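Undergrad: Pasting in a structure now, in C-alpha cells, and then I'll have a few things to ask.
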Amino acid sequence: MEEQPIALRELKKARAKLALYEASLELIGEKSFRDVYLDDICRKAEVSKVTFFKFFRQKEDVLVYYMRVWLTLRIIELSEEPKRGIAAVRHLLLAVAAEAKRRSGLMLSLISFLSEMRMHPCMPELSEAEISLLFPEHRRIGREEPNLFLLFQQLAEEAEADGELREGITSETGAQLLLTIFYGGFLTAHLYQSQDVMEVYEAHLRLLRRD
C-alpha cells in the first residue's frame, strides 16, 4: 500500500520535536538527566521553551519518548534478522550495553524516573510525520505501540518451547525475570562500577537459562 504524503506543516512540527529529542540525548552523556537544563536543550535544538512544552509535558517525558523509539528500533531489527527466545533477549541487552558506553546516564535516568513515578512507561503515540522521519522504511512497525513486558512474555514463551529455561521456571515467571534483568542488571553493573554491562547481564541470564 502506497504511503500518503505528509503535510509540510506536520513535517516541520515533527522535525522540531525530534531536534529537541536529539539535543537531549547529545547533552546527557554520563550525566543524570536532572543535570541537563531545559534552556540548554532548547538552545542546542534552536527551539523555544514554549514549543518544547507543546511536545512534552515535562522534561522527563523525553526519557519515555526515548524508550518508545529505542524499543521500536529493536523490534525492527528483530524483524529484519529474526531471533527468538534467549537469542532475541540477548540482542536487546546488547543494545542496552552498547548505548551505556555512549550515554551511561540515559538508562539510569530512565530507571530513576520510572521508579519515582511508580510506573512502567506508557508509550507516547507518534504522529505520521514522526514515524516517517524516525522509521522511514518501517512505518507499519513504527505505528504499533511497543510493549516491553509483552515482548519479554513472547520471548519467554519461545524460550520455554525451545527448552532454554531452567527447570521450574515457567514462561510467566521468565517474563517477569527478564524485566527484572533488563532494569536490575543495569543497576547492578552501575553499583559495582562495571565497565562491561553485558557481562553483568550474561551472569543474570545464566540464572535463568538451562545449563
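The values are calculated or read from the model by the stated rules, or taken from the named source; none is laboratory data. Not measured: the values here are computed from a predicted model. Here Cβ is always computed from backbone atoms with ideal geometry, including for glycine, and neighbour counts include all displayed protein chains. We work out accessible area using only protein heavy atoms, side chains counted, and drop any ligands, DNA or RNA first. Shrake-Rupley method; radii C 1.70, N 1.55, O 1.52, S 1.80 Å.
Undergrad: Do we find a residue being under 19 Å from the mean Cα position of the chain (by Cα), open to solvent by 40 Å² or more (accessible area, probe 1.4 Å) and more than 19 Å from S104 (Cβ to Cβ) anywhere in segment 154-165?
TA: Scanning segment 154-165 turns up at least one residue that is under 19 Å from the mean Cα position of the chain (by Cα), open to solvent by 40 Å² or more (accessible area, probe 1.4 Å) and more than 19 Å from S104 (Cβ to Cβ).
Undergrad: Continuing with this model, one more query. Out of curiosity, is L92 closer than 15 Å to E130 by Cβ, surrounded by 13 or more Cβ atoms within 10 Å (Cβ to Cβ), at pLDDT 95 or above and not small (G, A, S)?
TA: Working: closer than 15 Å to E130 by Cβ: no; surrounded by 13 or more Cβ atoms within 10 Å (Cβ to Cβ): yes; at pLDDT 95 or above: yes; not small (G, A, S): yes.
Here the answer is no, as L92 does not meet what is asked.
Undergrad: Look at R143 and say whether it is among the basic types (K, R) and at pLDDT 95 or above. Lay out the reasoning, then the answer.
TA: On the way: among the basic types (K, R): yes; at pLDDT 95 or above: yes.
Spelling it out, R143 is indeed among the basic types (K, R) and at pLDDT 95 or above.
Undergrad: Follow-up. Given the conditions (1) part of a loop (DSSP other than H, G, I, E, B); (2) touching a residue at least 40 places away in the same chain (Cβ under 8 Å); (3) more than 25 Å from S132 (Cα to Cα), and given that K83 satisfies all but one, which numbered condition is not satisfied?
TA: Single failed check for K83: (2).
Undergrad: Being modelled with pLDDT of 95 or more, among the basic types (K, R) and surrounded by fewer than 19 Cβ atoms within 10 Å (Cβ to Cβ): is that true of R118 here?
TA: It is false that R118 is modelled with pLDDT of 95 or more, among the basic types (K, R) and surrounded by fewer than 19 Cβ atoms within 10 Å (Cβ to Cβ).
Undergrad: I'd like to verify a number: residues in segment 117-139 that are of a type in the set (D, E, K, R), assigned to a helix (DSSP H, G or I) and over 18 Å from the mean Cα position of the chain (by Cα), how many? Walk me through it before giving the result.
TA: Kept after step one, since they are of a type in the set (D, E, K, R), are these residues of segment 117-139: 118, 125, 128, 130, 137, 139.
Narrowing further to those that are assigned to a helix (DSSP H, G or I): 128, 130, 139.
If we keep only those that are over 18 Å from the mean Cα position of the chain (by Cα) as well, we get 128.
Final tally of qualifying residues: 1.
Undergrad: Another one. Which numbered condition trips up K101, out of (1) surrounded by 21 or more Cβ atoms within 10 Å (Cβ to Cβ); (2) modelled with pLDDT under 95?
TA: Result: K101 fails condition (1) only.
Undergrad: Sort out which residues of segment 133-150 are among the aliphatic types (A, V, I, L, M), surrounded by fewer than 18 Cβ atoms within 10 Å (Cβ to Cβ) and touching a residue at least 12 places away in the same chain (Cβ under 8 Å), and write them in order of number. Please lay out each step first, then the result.
TA: So the first thing to find is which residues in segment 133-150 are among the aliphatic types (A, V, I, L, M), and the list is 133-134, 141, 148, 150.
Filter again for surrounded by fewer than 18 Cβ atoms within 10 Å (Cβ to Cβ), leaving 133, 141, 150.
Listed by number, the residues that qualify are L133, I141.
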